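> Below: one structure in structure tokens.
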Amino acid sequence: MKKTLILLSALFFCSCAMPSTAVRTTDTRPSLAFEGAPEGATVYLDGLLAGEAEKYDGQPGVLLVEPGTHHVVVKGRDGAVLMERKVYVESEIKTIKVH
Amino acid sequence: MKKHVVLMVAPLLLAACATVSEKPVAHEAPIPQAQQVQAQESVRMPVMKRYKLKVAVGRFTNETNYGRSLLTDAELDRIGKQASDMLTSRLVQSGQFIVLERPDLNKVTWEQEIARDTNLVGADTLIIGSVTEFGRSVGGKVGFLSSTKVQTAKAKVDIRFVDVKTSHAYFSAIGAGEANTESGEVAGFGSRAAYDATLNDRAIAAAISDVIDKLVSKLSDRKWKTDVLEVKDRQVFISGGRTQGLKVGDMLAVMEAGDAVKSRQTGFEIMLPPKKVATIRVGGFFGETETQEGSICEIVEGSIPKPLSPKLFVTEP
């Protein structure tokens with residue numbers, strides 16, 4: 001019984017020290033953050049509604065997007081366009097200032 | 001009394017703690033990814049008629065003192081080649097330019113010699129630039145029983161667009177990027193991070209993305225203009241189609257360019273005003289890719305004399 005216990009505990013400790021290797025692809029999609037957007041402002045990404053700008057203010061929320069060029073529009077609560085521009089992102093976080 | 005002192009001292013101690021900055025939390029947009037990709041593709045189609053600049057990277061080097069001592073190549077510029085590759089691939093990815101290969105052109109011509117098929121095209125614009133600022137720093141904060149350490153790599157790139165015909169540098173942009181790793185501990189517990197070598201590459205990549213963003217957002221499209229390929233009776237074949245914003249039914253003007261006169265004031269050539277020779281209507285398109293596409297038009301007014309003059313061009317009326 002004692003021998004079995006010693007053997008099992010030795011095996012247990014051996015397994016703890018086993019090296020592990022993992023190979024995986026990583027998601028390197030870029031993100032957009034909107035700084036200074038007023039309350040209730042909404043974000044349109046390539047013509048599609050992506051949600052409220054407040055959610056993606058970079059503190060800490062950011063909007064994950066596909067790499068490449070995007071047409072980004074931020075509209076106020078009344079539908080007025082606050083910011084409209086083409087944005088290029090690759091794998092980083094881009095902060096867009098909304099005035 | 002003791003309770004009051006504790007209550008006063010505790011917030012002071014907490015305020016004196018050095019804390020790690022909040023990590024950004026990425027949220028997926030409430031739109032399926034396939035729909036996002038489709039929307040991204042559709043906004044690439046121009047609203048107005050325009051054509052893409054044919055660009056080639058003329059020189060993109062590392063002009064900083066960083067990375068010039070170890071592991072350099074024959075031209076002593078390892079970072080420059082890496083940055084040049086990043087710039088070229090991002091120019092292609094932006095979808096806003098027709099990018100022509102220049103840094104590895106000898107490999108392309110080698111393949112063309114094997115295939116015995118050459119069709120090299122010249123660029124309108126050369127992109128010239130360099131990595132102008134690059135370096136690393138280690139900083140951090142020390143608080144009550146706590147500390148943080150921030151490793152930062154910063155990079156700046158400068159580029160300019162040069163007109164191949166006149167050598168006029170007509171647009172310039174500067175991009176800056178930063179990458180950091182922050183670790184912190186409180187009373188000996190917390191996170192640790194040793195030297196992160198990938199920060200250098202990430203900072204350069206971010207600076208190049210920033211400069212491409214400036215190109216995409218600020219470099220205005222040129223006034224649309226194309227050439228006449230062939231005229232058969234009342235049919236006119238012109239370069240450019242849907243990807244340049246042309247639509248069936250569009251009315252276009254065929255113009256004959258004026259003479260080029262050299263200005264004594266600036267030294268540049270100035271084209272005298274063109275003369276309209278015909279009006280054509282777009283009836284259909286041909287060609288598969290954006291570099292192969294063309295439009296089939298019909299003459300509505302005027303005539304186009306044959307043989308075709310090299311001075312002829314097509315523009316919006």
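The values are calculated or read from the model by the stated rules, or taken from the named source; none is laboratory data. Owing to the predicted nature of the structure, the values given are computational and were not obtained by experimental measurement. Cβ: placed from backbone, ideal geometry, glycine included. Neighbour counts: every protein chain shown. Just so you know, the surface numbers come from the protein's heavy atoms only, side chains and all, with ligands and any DNA or RNA stripped out. Shrake-Rupley method; radii C 1.70, N 1.55, O 1.52, S 1.80 Å.
> Over the Cα atoms of chain B, how large are the radius of gyration and the largest Cα-Cα distance (Dmax), in Å?
Answer for chain B, Rg first and Dmax second: 28.2, 105 Å.
> Right, here's the next one. For the protein assembly as shown, build the charge dipole from Cβ charges (+1 Lys, Arg; -1 Asp, Glu) around the Cα centre, then report which of B:GLN36, B:ALA193, A:PRO60 sits farthest towards its positive end.
Farthest towards the positive end: B:ALA193.
> Now a separate question. Longest exposed-loop-site-free stretch of chain B, with trypsin sites (Lys or Arg not before Pro), DSSP loop and at most 12 other Cβ within 10 Å?
Working: sites that count: B:ARG116, B:LYS165, B:ARG192, B:ARG222, B:LYS223, B:ARG234, B:LYS247, B:ARG264.
Maximal segment without exposed cleavage sites: B:1-115.
> Enumerate by residue number the GluC sites (Glu not before Pro) in segment A:6-96 meeting two conditions: DSSP loop (anything except H, G, I, E, B), and at most 11 other Cβ atoms within 10 Å of the site's Cβ.
Answer by residue number: A:GLU39.
> Continuing with this model, one more query. Counting partner chain Cβ atoms within 10 Å of every residue's Cβ in A:62-73, what's the average?
Counting Cβ atoms of other protein chains within 10 Å of each residue's Cβ and averaging gives 5.
> Then there's this: Can you send over the carbon and sulfur percentage of the accessible area for the protein assembly as shown, probe radius 1.4 Å, protein chains only?
57
> Sticking with this structure for a sec: Determine, from the Cβ-Cβ distance of B:SER21 and A:ARG29 and an R0 of 30 Å, the FRET efficiency 1/(1 + (r/R0)^6), rounded to the nearest 0.05.
On the way: r = 21 Å, r/R0 = 0.72.
E(calc), rounded to 0.05, equals 0.90.
> Here's another thing I want to ask about it. Given Cα pairs under 8 Å that are at least 6 residues apart, what percent is the relative contact order of segment B:78-216? Mind dumping the intermediate values first?
Working: 236 pairs, mean separation 32.5, N = 139.
With pairs under 8 Å counted, the relative contact order is 23 percent.
> Using a Cα-Cα cut-off of under 17 Å, which lysines could be cross-linked to A:LYS55, ignoring same-chain neighbours fewer than 8 residues away?
A:LYS75, A:LYS94, A:LYS97, B:LYS23
> Excluding the sites themselves, what is the longest stretch of chain B that contains no chymotrypsin sites (Phe, Trp or Tyr not before Pro) in a DSSP loop with at most 14 other C-beta atoms within 10 Å?
In short, B:1-143.
> Right, here's the next one. Using a 1.4 angstrom probe, figure out how much accessible area the protein assembly as shown has per residue, in square angstrom, rounded to the nearest whole.
Result: 61 Å² of accessible area for each residue.
> Here's a follow-up. Please report the buried accessible area for the interface of A with B, total over both chains, probe 1.4 Å, in Å² to the nearest 100.
2600
> Over segment B:225-315, what is the relative contact order in whole percent, taking alpha-carbon pairs under 8 Å and six or more residues apart?
Numbers: 196 pairs, mean separation 33.9, N = 91.
37 percent.
> Next up: What would the Debye formula give as log10 I(q)/I(0) at q = 0.13, 0.15, 0.21 Å⁻¹ for the alpha-carbon point model of segment B:225-315, no solvent?
So the normalised log intensities work out to -0.46, -0.59, -0.95.
> Evaluate the Kirkwood expression for the hydrodynamic radius of segment A:24-69, namely the inverse of the mean inverse distance over all pairs of different C-alpha atoms, and round to one decimal in Å.
Values: mean 1/r = 0.0876 Å⁻¹.
Mean inverse Cα-Cα distance, inverted, gives 11.4 Å.
> I'd like the per residue volume of the convex hull spanned by the Cα atoms of the protein assembly as shown, given in cubic angstrom.
So the per-residue hull volume is 306 Å³.
> Once the piece of chain linking B:ASN106 and B:ASN65 is laid out straight, how much longer is it, given 0.36 nm per residue of separation minus the C-alpha distance between them?
Difference between extended and current length: 11.9 nm.
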